[in-house]
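To keep things clear, I will list the structure first and then write my remarks on it.
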Amino acid sequence: MTSFSGPPDREQTFRALYASVYPELIRFVQRRTSPDRAEDIAADTFLVVWRRLDDLPAAAGDARAWIFGISRNILLNTRRGEQRREALGLRLVDAFDVPASSMDIDLATSRIDLARAWRRLSEVHQEALGLAVFEVLTGPQAAAVLGISPVAYRIRLTRARRALRLLLDHLPASSGAPQPVSGRTQTS
Amino acid sequence: MIRDEQTDMLLRTLDPADAVASGGSLRARTDLERILAADPAVGKAQNVHPLRRRKVGRGVLVGAAAAVTAGLVALPAISGGDPAYATWTAVPTSLSPAASAKAGDDCRSSEGHTEKDSAARAEVAIAEQRGAWTTVMLAGDDGWSAMCVSDDSMFGGSFGYSGGPGGSPTPGPRDLLPQGMGTGTTSAGSLSMVAGAAGSDVVGVSYPSQAEGEVTGSVSKGQFVLWFPGDELQNYDTDHDGEGVELTVTYADGSSAPVRVGL
């Protein structure tokens, strides 16, 4: 039997890319819009990728960032009924979701404070931080997602971290600090 | 004060994303095949939504007056409309060629279409009448289709969707491929509908509505449409364990069989 191998064709390339990036793209979108729209946005994104496959960056990390950038543009363009924005904020889970009895009280309080501070952070800063923290992109990759220079992204990220620290340091006294669940507290 | 590394760690515990998202899901695999079926040379400068099949009732559908204020509901009575679906019938009748052509023109010119060129090129596949309600299905290039429902009233009594999957996917000869499914609203209230492409052997379709009894749809020129008053199909995707809704399909050889459909 003779077999031949050569450069992967367009469809093979796309199938491999789809398989490797789809889960991460779904999570990228879920963080930035209603979760029930994630699959629609992912489909729209990959349709654009399919049509622009010739522009795909060669390095895997850069390709991933390029796809995130396409998805970001789609999300920004499809926000209906809202004033068009220049940045995509990220939502976080409700910090109260984890019962206080199941974790360290200080840790639970920190999560709640962080969630409160995050909500006060601008979308521009949420976006800059999110790409570094959740997508774990390098500076140049995050800059590519946002369509700005790596230097501009570095400055933006620095400002975002500073803004978050300031918010954490100046939060009003929390009324939502978790209390131990008395019914589950062991007594001796 | 906590350090950046601690902040990052804490933020990751608040991540709302689904940790087990997979490219192997049915939806992911279906989308992949649809994308590959799309002509990669088309649409580089177009919008990026031809893939999205319309899930009715989630804000995607557009109607000439789908969002009519309550104060206008009484107006159709003086303009020939049907404010309560009172004239709606479970079995449709066909329109005359002239009425069909006019209904097609009205549907093409609906302000709801975002793809005006596709609408202009589309042909009338189905034109049916249910009491005061006229329904038109337009079929165009690349699987593009549009549905318009109207009671011909001056205000409010209209509803519709348009769009297409791209790539001209065709159902198997004995299958249905819905493009729109769910619920929408006219000034007469909610309606439930399912519409899309029908296989070459399909000649009829019906649905056993809990509220309206057996509803007979229309099938013609590779399209089908079925709708009835009420919001019975609002949660069709969760009400049936995600398996869609069961329609009864009649084939050209006279046989019939249940077919599950969903988006």
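The values are calculated or read from the model by the stated rules, or taken from the named source; none is laboratory data. On a predicted model such as this, the values are computed, not experimentally measured, just so you know. No Cβ is skipped: glycine too gets one built from the backbone with ideal geometry, and neighbour counts run over all protein chains shown.
General observations
- Test for A:Ala108: is it of a type in the set (A, V, I, L, M), outside any loop (DSSP other than H, G, I, E, B) and modelled with pLDDT under 80: yes
- Across the range A:105-130, the number of residues qualifying as in contact (Cβ under 8 Å) with a residue 60 or more places away in the chain and either of a type in the set (A, V, I, L, M) or at the interface with chain B (Cβ under 10 Å from one of its Cβ atoms) (or both) comes to 5.
- Beta carbons closer than 7 Å, at least 6 apart along the sequence or on distinct chains, pair a first residue in the range B:24-41 that is within 9 Å of chain A (Cβ to nearest Cβ) and within 15 Å of A:Leu53 (Cα to Cα) with a second that is part of a helix (DSSP H, G or I) and at pLDDT below 85 for B:Pro40/A:Arg51.
- B:Val91 meets each of the listed conditions (1) assigned to a loop (DSSP other than H, G, I, E, B); (2) at pLDDT below 85; (3) aliphatic (A, V, I, L, M) apart from (2).
- Those residues of the range B:110-124 which are of a type in the set (Gly, Ala, Ser) and at pLDDT 70 or above, in sequence order: B:Ser110, B:Ser118, B:Ala119, B:Ala120, B:Ala122
- Conditions (1) modelled with pLDDT of 60 or more; (2) farther than 20 Å from B:Trp133 by Cα; (3) touching a Ser or Thr at 6+ places or on another chain (Cβ under 9 Å); (4) among the charged types (D, E, K, R): number failed by B:Arg54: (1)
- Annotation: of all residues in the range B:232-248 being farther than 25 Å from B:Thr89 by Cβ and buried (at least 16 other Cβ atoms within 10 Å of the Cβ), the one that is modelled with the highest pLDDT is B:Gly244.
- The residue of the range A:26-42 that is modelled with the highest pLDDT, among those that are more than 15 Å from A:Leu90 (Cβ to Cβ) and crowded, with 22+ Cβ neighbours inside 10 Å, is A:Ala42.
- Counted as qualifying within the range B:160-231 are the strands (runs of 3 or more DSSP E) with 1 or more residues that are of a type in the set (Phe, Trp, Tyr) and either at pLDDT below 90 or within 20 Å of B:Ser110 (Cβ to Cβ) (or both), namely B:223-229.
- Selection within the range A:8-57 - in a loop (DSSP other than H, G, I, E, B) and at the interface with chain B (Cβ under 8 Å from one of its Cβ atoms): A:Arg31, A:Arg52
- Meets criteria (buried (at least 22 other Cβ atoms within 10 Å of the Cβ) and either under 16 Å from the mean Cα position of the chain (by Cα) or in contact (Cβ under 8 Å) with a residue 60 or more places away in the chain (or both)) for B:Ser220: no
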